[in-house]
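Chemist: Before anything else, here's the structure in question.
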Amino acid sequence: MVNGSPLQDFQGVALPPEETAAVREGLVVLTRDEALVATLERIGPEHDVFSVASEADLAAHLLAQYTGVALIDAGTLATAIERLTERLRAQFPDLVLIVAGDVDDQSALAAQITNGTVYRFLHKPVSEQRVRLFVEAAWRRHSEERAATAPIHSTAFPARSDIKGPNILMLGGAALAATAVIAGAVLWHKPATPPLQVAAPQPAEAPPVSSDGVLEDLLSRAAQAMASGALVSPPGASAADLYRRAQQRDPKDPRGANGIEKVIDRLLSNAEAQLLAQHLDEAQKLTDAARAIKPDHVRVAFLVAQIGKERERAVLARARAAAASGDIEQALAVLDSAGQRSTLVSQARQQLQQKQLDERVRDFLDRATDSMLRGDLIEPAQDNAQFYIESARALAPDSKEVRDTQQQLVDRIVSEGRKAVAAGNADQGEHWLQIATQAGADPGDLAMLQQGVERVRGAAKADALARLALLFNERLSQGKVLDPAADSAKSYLAQLLRADPTHPSTQLARKTYATRALEEAKSAVQRRDFAGAQRWLAEAGETGADAASITAINGNIKAAQETTAQAAPAASAASAAQVAGEVVPATALEMIRYVPPMFPTDAQERAQSGWVDLLFTVETNGFVGDLKVIGAEPAGLFEQSAIDAVRKWRYRPILHDGQPINQRARVRVRFALQQ
């Protein structure tokens, strides 16, 4: 009896009971693990279980008894497991081998797993459920192989005593057992068409040349290599190597880093083009070259996933086509790297076909479940839950079990998307949303996930705008309106406008900047700095200041220019006031240099405004001296900032009878945060 039913030949005639009894097969286990032997005896009462403790005992048993399945405990052996299993397979081709061991034993048997020498591998310690599953599968495999090789009317198995070959006592080694991973070893032939050529982009305008001759030479050679297409080879003379050396030469010069980014961009753009042309091997080479330069590049990870998906899609398309045409054997051959061996006649093939299909589908679904437990939902390529489920569906499109497993996968994908949203990662959430959409997730789940992604993106955008608005206000209060170029109020306003020109924060910053520019223009007019006033008016106009204010200040500029000729009489009047000992307003004097006061940090944090009245002397050389505070509101907060600024002001000297004289003046310096 095998699996509880009489053996039959391919004509459908049951063998006589006495003949089936004569060929009762046993299972031999080479181990010193008593618990393992007890487990085998519990799960396989329909087969005799023989336990041996050494390789010599195993050899003697195989020669004396007809054995269909052998389980070898690699930890019991003194020699290499792979040598033992290889010789066992050569001498007893119908013996199905199962090996129990650890990860190292499994690695040693990787090739034999792929070619089918070893049927299953058990990781120790073993569970009874897994042992049962593997042993039952091994007996089924043994029955199939025996039926495939036996004559049509054969009723008995050959005795072991006539087996020829090397002395079985010399057998040794360790074994790994598992079926070949489907689709992983399917070889694709490269298309005969030449690789797609991608035109290089036009070179950008050359940056300013530094005084470092070596650096400039490296950058020049790198640009030439880029233009000629020598992106990553030859070593030492490629664009990537030369830009890297330039970056090492002067880390502060951005051209080296920018060049490396251009090389990566060119490589990945070419890879994308090859991918679109279905030249997957060429796309993989280009992507690997980019990854070697910058392993954590976002586009590299994306392209690797896309190439893997394209490979999977090609394998699955072939399998689906074979299954749709009714050629199950062809579908299995496509998806199983080990192929399908069968010499059965038509009737035997029909009897085995459904059984083979069910086992393969079950194996794929088991792999899918294991992958989900590991978290390998869609990656790595051809070894993930989605791939195994699609493989099972290609064989059994209408299977309820396949649909149920697919739903489990969809639920996991949606869950991963929710986790990403909860963690505030909008890009990752969008990634899972797209996968869930392709997997056919519930529209309600997709809508909620989409809302979560949009909510996270909106929050991130609001945070970014708030940060830019804060930096804008800080620089404005510090007097850094235009300079430094990359860290000024103007630069942060530009970033706000690019991010969202209609956002209330952007609109307020734009209005504040225009107001400040108008005030600066007015101050420039008072200082008789007409060119500066025009520049500030241009800034105000660019940011939307009202035309009436700009027109009014332009009128002030013209009026001030007309009165410039009267500056000499005004200076004489000031001189007279000096002779009389009078103090004049600072606005009555001609300023030739203005420095804005710094807004104190404490006052800025409290949003505190105020003013300081100062009395000072414009000396004969135009410098400011003898500074005194004569009033302040609030007291003790803005005085030092006002003194520091006014001390740096410069005036045109006051003349009396053609000679420069000292002149006392007063000024009120105001401090107010822009709204």
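Chemist: Criterion first (at pLDDT below 85 and part of a helix (DSSP H, G or I)) does SER575 satisfy it?
Modeler: So SER575 fits the description; yes.
Chemist: Looking only at the stretch 588-618, which residues are of a type in the set (Ser, Thr, Tyr) and not in a loop (DSSP other than H, G, I, E, B)?
Modeler: Result: THR601, THR617.
Chemist: Going by the conditions given, is SER399 in contact with a strand residue (DSSP E or B) (Cβ under 8 Å, 6 or more places away or on another chain) and either within 30 Å of ARG141 (Cβ to Cβ) or buried (at least 22 other Cβ atoms within 10 Å of the Cβ) (or both)?
Modeler: In short, no.
Chemist: Okay, next question. Return yes when ALA540 is modelled with pLDDT of 85 or more and open to solvent by less than 50 Å² (accessible area, probe 1.4 Å) and no when it is not.
Modeler: Considered against the rule, which asks whether it is modelled with pLDDT of 85 or more and open to solvent by less than 50 Å² (accessible area, probe 1.4 Å), ALA540 comes out as yes.
Chemist: Could you list, in sequence order, all residues of the stretch 336-361 that are modelled with pLDDT of 70 or more and part of a helix (DSSP H, G or I)?
Modeler: Those that are modelled with pLDDT of 70 or more and part of a helix (DSSP H, G or I): GLN354, LYS355, GLN356, LEU357, ASP358, GLU359, ARG360, VAL361.
Chemist: Any residue in the stretch 632-648 that is on the phi > 0 side of the Ramachandran plot sitting within a Cβ distance under 9 Å of a residue that is open to solvent by 40 Å² or more (accessible area, probe 1.4 Å) and assigned to a loop (DSSP other than H, G, I, E, B)? List the pairs, counting only those 6 or more apart or interchain.
Modeler: Filtered contacts from the stretch 632-648: no entries.
Chemist: Step by step: first the residues of the stretch 382-392, then only those that are part of a helix (DSSP H, G or I) and open to solvent by less than 20 Å² (accessible area, probe 1.4 Å), then the one that is nearest to MET448 (Cα to Cα). Which residue is that?
Modeler: ALA385
Chemist: When only residues in the stretch 213-264 that are without any contact (Cβ under 8 Å) to a residue 40 or more places away in the chain, of a type in the set (Asp, Glu) and over 27 Å from LYS285 (Cβ atoms) count, which is most open to solvent (accessible area, probe 1.4 Å)?
Modeler: ASP217
Chemist: Counting just the residues of the stretch 469-478 that are part of a helix (DSSP H, G or I) and of a type in the set (S, T, N, Q), which one comes out nearest to the chain's Cα centre (by Cα)?
Modeler: ASN473
Chemist: Sticking with this structure for a sec: Just the residues that are among the polar types (S, T, N, Q), part of a loop (DSSP other than H, G, I, E, B) and within 30 Å of ALA462 (Cα to Cα), please, taken from the stretch 393-449.
Modeler: ASN425
Chemist: For the stretch 280-325: of the residues being open to solvent by less than 80 Å² (accessible area, probe 1.4 Å) and acidic (Asp, Glu), which is modelled with the lowest pLDDT?
Modeler: The qualifying residue modelled with the lowest pLDDT is GLU312.
Chemist: Another question, then. What is the one condition in (1) farther than 18 Å from VAL28 by Cα; (2) modelled with pLDDT of 80 or more; (3) not in a loop (DSSP other than H, G, I, E, B) that LEU97 does not satisfy?
Modeler: The single condition LEU97 does not satisfy is (1).
Chemist: Quickly run through the stretch 41-60 and pick out the residues that are surrounded by fewer than 22 Cβ atoms within 10 Å (Cβ to Cβ), touching a Leu at 6+ places or on another chain (Cβ under 9 Å) and of a type outside the set (Gly, Ala, Ser).
Modeler: HIS47, ASP48, VAL49, PHE50, VAL52, GLU55, ASP57
Chemist: Out of the helices (runs of 4 or more DSSP H) lying entirely within the stretch 1-85, which hold 2 or more residues that are modelled with pLDDT under 75?
Modeler: Output list reads 17-22.
Chemist: Of the numbered conditions (1) without any contact (Cβ under 8 Å) to a residue 40 or more places away in the chain; (2) open to solvent by 30 Å² or more (accessible area, probe 1.4 Å); (3) in contact with a Leu (Cβ under 6 Å, 6 or more places away or on another chain), LYS490 satisfies every one except a single condition; which is it?
Modeler: So LYS490 meets the others, but not (1).
Chemist: Look through the stretch 646-666, keep the residues that are within 60 Å of the chain's Cα centre (by Cα) and either among the polar types (S, T, N, Q) or within 11 Å of LEU614 (Cα to Cα) (or both), and return whichever of them is surrounded by the most Cβ atoms within 10 Å (Cβ to Cβ).
Modeler: Out of the qualifying residues, it is VAL646.
Chemist: Also, I was wondering about something else. Pairs please, first residue from the stretch 546-560 and within 11 Å of VAL525 (Cβ to Cβ), second anywhere and among the β-branched types (Val, Ile, Thr) and open to solvent by less than 60 Å² (accessible area, probe 1.4 Å), Cβ atoms under 6 Å, 6+ apart in sequence or on different chains.
Modeler: Pairs that qualify, where the first residue is within 11 Å of VAL525 (Cβ to Cβ) and the partner is among the β-branched types (Val, Ile, Thr) and open to solvent by less than 60 Å² (accessible area, probe 1.4 Å), are ASN556/VAL525; ILE557/VAL525; ALA560/VAL525.
Chemist: Let me ask something additional. Out of everything in the stretch 419-468 that is acidic (Asp, Glu) and surrounded by fewer than 17 Cβ atoms within 10 Å (Cβ to Cβ), what residue ends up being nearest to the chain's Cα centre (by Cα)?
Modeler: Across the stretch 419-468, the extreme among qualifying residues is ASP427.
Chemist: Here are some conditions: (1) surrounded by fewer than 15 Cβ atoms within 10 Å (Cβ to Cβ); (2) in contact (Cβ under 8 Å) with a residue 24 or more places away in the chain; (3) aliphatic (A, V, I, L, M). LEU614 meets all but one. Which one does it not meet?
Modeler: (1)
Chemist: Only one residue in GLN112, GLN65, GLN91 is in contact with an Asp or Glu (Cβ under 9 Å, 6 or more places away or on another chain), open to solvent by 10 Å² or more (accessible area, probe 1.4 Å), farther than 25 Å from ARG360 by Cα and not small (Gly, Ala, Ser), so which one is that?
Modeler: Going through GLN112, GLN65, GLN91 in turn, just one is in contact with an Asp or Glu (Cβ under 9 Å, 6 or more places away or on another chain), open to solvent by 10 Å² or more (accessible area, probe 1.4 Å), farther than 25 Å from ARG360 by Cα and not small (Gly, Ala, Ser): GLN65.
The values are calculated or read from the model by the stated rules, or taken from the named source; none is laboratory data. Because the structure is a prediction, the values reported are computed rather than measured. Neighbour counts are summed over all protein chains in view; Cβ atoms, including those assigned to glycine, are modelled from backbone coordinates with ideal geometry. SASA here: full protein model, heavy atoms, side chains in, ligands and nucleic acids out. Shrake-Rupley method; radii C 1.70, N 1.55, O 1.52, S 1.80 Å.
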